[in-house]
Amino acid sequence: MADHHSPTEHADHDADAYVHGAMTIEEQTSTYALFMGMAKWGSLAIAALLLFLTLWFMPAGSFFTGLIGAVVLFVAGFFFLKGGKSH
């Protein structure tokens, strides 16, 4: 059977039910923090891997040159990224 409520009546009910700032956002905050952490540490790991492979397979490159470069980049990136919020 057809719904007898008008579309504007339904929209007014939704607007009345919403109270700005009343919902808890802990899940959204933790999900965002997890995503940002995975993005920054994943980016560092990819950059270190690319540096390793580039230095290893370049002409006159070696495995140990690539390994040393990747470790140096990863350690520097670790200390740079592990810092908390500055405010």
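Per-residue 3J(HN,Hα) values for segment 59-71, derived from phi via the Karplus relation 6.51 cos²θ - 1.76 cosθ + 1.60 with θ = phi - 60°, read x, 6, x, 9, 4, 5, 4, x, 5, 5, x, 5, 5 Hz in sequence order (x marks Gly and Pro).
Potential lengthening of the chain between Ser30 and Val75 amounts to 13.6 nm, from the contour at 0.36 nm per residue minus the alpha-carbon distance.
Each value in this text was obtained by applying a stated rule to the coordinates, not by laboratory testing. Every value quoted in this text rests on a predicted model; they were computed, and no experiment measured them.
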